[in-house]
Amino acid sequence: MSFFDELKRRNVVRVGLAYGIAGWVLLQVADLVLENIEAPSWVIQALMLFVLLGFIASLVIAWAYEITPEGIKKESEIDRSQSIAGHTGKKLDRIIIGFLVLAVAVLLLERSMSVPVIEPEEKGSEPFSQEATVQTTGQGDEKRALTPFLPSIAILPFADMSPEQDQGYFSDGISEELLNLLVRVDGLKVASRTSSFTYKGSNQSLAEIASELKVDHVLEGSVRKADNRIRITAQLIDARTDRHLWSESFDRDLIDIFAIQDEIANAIVTALSTELGILQEARNISVATATDNLDAYELYLKARGLFIARQQLEQSIALYERAVELDPEFARAWEGLAAVYAVVESWQITGRDWGKLAIQAAERALELNPGLSTPWAVMGEVIKDNGDYISGMDNKNRAIQLDTSNATNYLWRGIDYSTLGFQTEAMADFRRCLEIDPAYVNCKRHLALSSMIVNDNERAFSLIQQIAGVGLTHPFHMHYMQRFVSVGNRLAASLLLFTVAGSDPTFPFTTVLDAMEFPERDHTRGLEKLLNWREKSGSTPAFFPILMAACNAYHLVEPDAYQNRWVWLKENAGFRVSEYFAPMMTTIGALAYWREKGFPPGCRPVGEEDFECD
């Protein structure tokens, strides 16, 4: 009999296998328990040594001894004809199976406690990076839970604990500044501002928020500001276990807020690196002083909060203008002012030459800080609106090169690509925007429209459902209505038209829906109703060109660089082959761009001056 056969006969192999599985289960359970009670690392190391020595001892005992009806005897003293090793082996097989079941249960428990791999929301979108890593605690032990995003963190809006509860803008500003600082740390993934701030005042658990933001750590805190004193409390939490990993309070005189932010950010990085071992190495963060004028900084924070929420934009402008008046060298205030100047007209606020003001503010911001990216995107927007897509896109490309983590830059460029007919490039930008900022509603709604244009209704409708919770009142959403009607969902189209057009009982709702549902009919009378309503109400909504096209009144379709994407929907093929399409696209600057950069799918040049599209 060979040596291996003798090992099998004496059940040494079975004993070793049973002991190995049992020892593995013991170590896994011990690791979970010791981690939660924060036991020192030498405890688990000692236990591993004990299990290893026991394994060797079990093999020696299994070789030298055998279980008999009379008890345990030396193998050499047993008559082989009376050996019950085979019966013992069957018992060991059942024991092994039991330990295997227990091992599977432990694996499932570990998996449920680790951060899950979250798939992208949109069908067909590019997957998020899911590189698995081994997470270490910094004391030599390893936690073998595979996690898709390590290390990663979300900075939630700090709570306003001031006596009058009137410093929300200030606490939000502190949170955002810390976020912007931590973004600079190599090897650390930081959830975007838009995504993190979605959870302001949320009742969701930190584990739920972390799962939705695809992070494994959360930083939360509070700000208490009274007179010239400030107390900032910050705490770092492991979202998987809800354990507080680090916390600290900072009581300071409100003299140099940027020095305080510097101190807090470096404390967080130190906690992530040296104390927790999450980052491989700490890197000192240096905060440049944006302004020496604290009043200007507070005005900036208030203005930025209003701008980001797209609320009271005229008040936001006034605050920004006051901030740069107090400190003309405040580059970030000039940058913010340029951004609000660039978008204010699309929110139906007129009365000043916003484009000219936006360019002036953007140029001033770049004079003070050439490394800023948003001013380039702002100049690209204004130049594009003036009919120069070539220079406008060049400026937006430069903005993205300067800051690849700015989701808005991708959004603005994607809108331009889509308006020009390049839906593949547009959707790539919208997806990139959502990779950076999964909660960016604007990126979702524009991706929905481009998906409709390429006839991917499933993805488009899924995205529309996702943004329905934040309201569908922007005129842009009229773009969706034609598709709702064409797929037979007139009810959804009616509700959308009502939310966008308002509750004006004189508005000809039925006329609009009929024109979209039955394009082959004569809609002369319906067109008269729409024009009479416009004359009596004195209003020309931003979505009016869509209604004119639906009534086949192509001669009344006025170009609008921002709202023109509806022309690429299949429902508007009649307009694209009409004599009015080419002049409109020429007016907004699309033809000049195509001549230099190439025509989009479905379009081609005709001679030296003309073109046609399907």
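The values are calculated or read from the model by the stated rules, or taken from the named source; none is laboratory data. The structure presented is a predicted model; accordingly, all values stated were derived computationally and were not measured. Here the Cβ positions follow ideal geometry from the backbone for every residue, glycine too, while neighbour counts run over all protein chains shown.
Below is a table of values for the structure above.
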item	result
Residue match in segment 306-326 (condition: surrounded by 20 or more Cβ atoms within 10 Å (Cβ to Cβ) and modelled with pLDDT under 85)	yes
Pairs, first polar (S, T, N, Q) in segment 247-263, second surrounded by 14 or more Cβ atoms within 10 Å (Cβ to Cβ), C-beta under 6 Å, six or more apart	Ser247/Gln235; Ser249/Thr233; Gln261/Glu177; Gln261/Val287
Complete set of residues in segment 207-254 that are among the acidic types (Asp, Glu) and surrounded by fewer than 16 Cβ atoms within 10 Å (Cβ to Cβ)	Glu208, Asp227, Asp242, Glu248, Asp251, Asp253
Residue check, Ala592 touching a residue at least 60 places away in the same chain (Cβ under 8 Å) and part of a helix (DSSP H, G or I)	yes
Any hit, segment 408-430, residues being at pLDDT below 90 and either surrounded by 22 or more Cβ atoms within 10 Å (Cβ to Cβ) or outside the structural domain of Arg310 (by TED's automatic domain parsing) (or both)	yes
Filtered residues of segment 536-585 (kept if among the basic types (Lys, Arg), at pLDDT below 90 and farther than 22 Å from Val343 by Cα)	Lys536
Given (1) part of a helix (DSSP H, G or I); (2) of a type in the set (S, T, N, Q); (3) surrounded by 14 or more Cβ atoms within 10 Å (Cβ to Cβ), number of the condition Asn532 does not satisfy	(3)
Residue in segment 486-496 that is free of Cβ contacts under 8 Å to residues at least 60 places away in the same chain and in contact with an Asp or Glu (Cβ under 8 Å, 6 or more places away or on another chain) present	yes
Top-ranked residue in segment 218-230 [being modelled with pLDDT under 85 and not polar (S, T, N, Q); ranked as farthest from Ile153 (Cα to Cα)]	Asp227
Answer residue from segment 535-553, given it is assigned to a helix (DSSP H, G or I) and within 40 Å of the chain's Cα centre (by Cα) and is surrounded by the most Cβ atoms within 10 Å (Cβ to Cβ) among those	Ala550
Selection status of Arg364, in contact (Cβ under 8 Å) with a residue 24 or more places away in the chain, farther than 19 Å from Ile400 by Cβ, in the same structural domain as Ser316 (by TED's automatic domain parsing) and among the charged types (D, E, K, R)	yes
Residue check, Gln261 in a loop (DSSP other than H, G, I, E, B) and either touching a Leu at 6+ places or on another chain (Cβ under 6 Å) or not assigned by TED's automatic domain parsing to the domain that holds Phe307 (or both)	no
Extreme residue, farthest from the chain's Cα centre (by Cα), among residues of segment 306-343 that are over 16 Å from Tyr169 (Cα atoms) and basic (Lys, Arg)	Arg322
Among the candidates Thr404, Thr350, residue that is within 17 Å of Thr194 (Cβ to Cβ) and modelled with pLDDT under 95	Thr404
Failed item in (1) in contact with a strand residue (DSSP E or B) (Cβ under 8 Å, 6 or more places away or on another chain); (2) part of a helix (DSSP H, G or I); (3) modelled with pLDDT under 75, with Thr194 passing the rest	(1)
Criterion: under 22 Å from Leu531 (Cβ atoms), out of contact with any helix residue (DSSP H, G or I) (no Cβ under 6 Å at 6 or more places or on another chain) and either small (Gly, Ala, Ser) or touching a residue at least 60 places away in the same chain (Cβ under 8 Å) (or both) - qualifying residue of Gly574, Gly602, Gly598	Gly574
Test for Ile464: is it over 25 Å from Glu212 (Cα atoms), not assigned by TED's automatic domain parsing to the domain that holds Val378 and not polar (S, T, N, Q)	no
Helices (runs of 4 or more DSSP H) wholly inside segment 289-390 that include at least 3 residues being charged (D, E, K, R)	294-308, 313-326, 354-368, 374-385
Residue count, segment 197-218 (criterion: touching a strand residue (DSSP E or B) at 6+ places or on another chain (Cβ under 7 Å), outside any loop (DSSP other than H, G, I, E, B) and either aromatic (Phe, Trp, Tyr) or farther than 26 Å from Ile467 by Cβ (or both))	1
Selection within segment 324-355 - among the basic types (Lys, Arg) and touching a helix residue (DSSP H, G or I) at 6+ places or on another chain (Cβ under 8 Å)	Arg332
Pairs where the first residue, in segment 373-385, is in contact (Cβ under 8 Å) with a residue 12 or more places away in the chain and the second is assigned to a loop (DSSP other than H, G, I, E, B) and small (Gly, Ala, Ser), C-beta under 9 Å, 6+ apart	Lys384/Ala561; Lys384/Gly589; Asp385/Ala561
Which numbered condition Arg595 fails, given (1) among the basic types (Lys, Arg); (2) at pLDDT 90 or above; (3) closer than 26 Å to Gly488 by Cα	(3)
Residues being at pLDDT 85 or above, of a type in the set (Val, Ile, Thr), under 32 Å from the mean Cα position of the chain (by Cα) and not in a loop (DSSP other than H, G, I, E, B) - total across segment 470-523	1
Scan of segment 427-445 for residues that are among the small types (Gly, Ala, Ser) and in a helix (DSSP H, G or I), ordered by number	Ala428
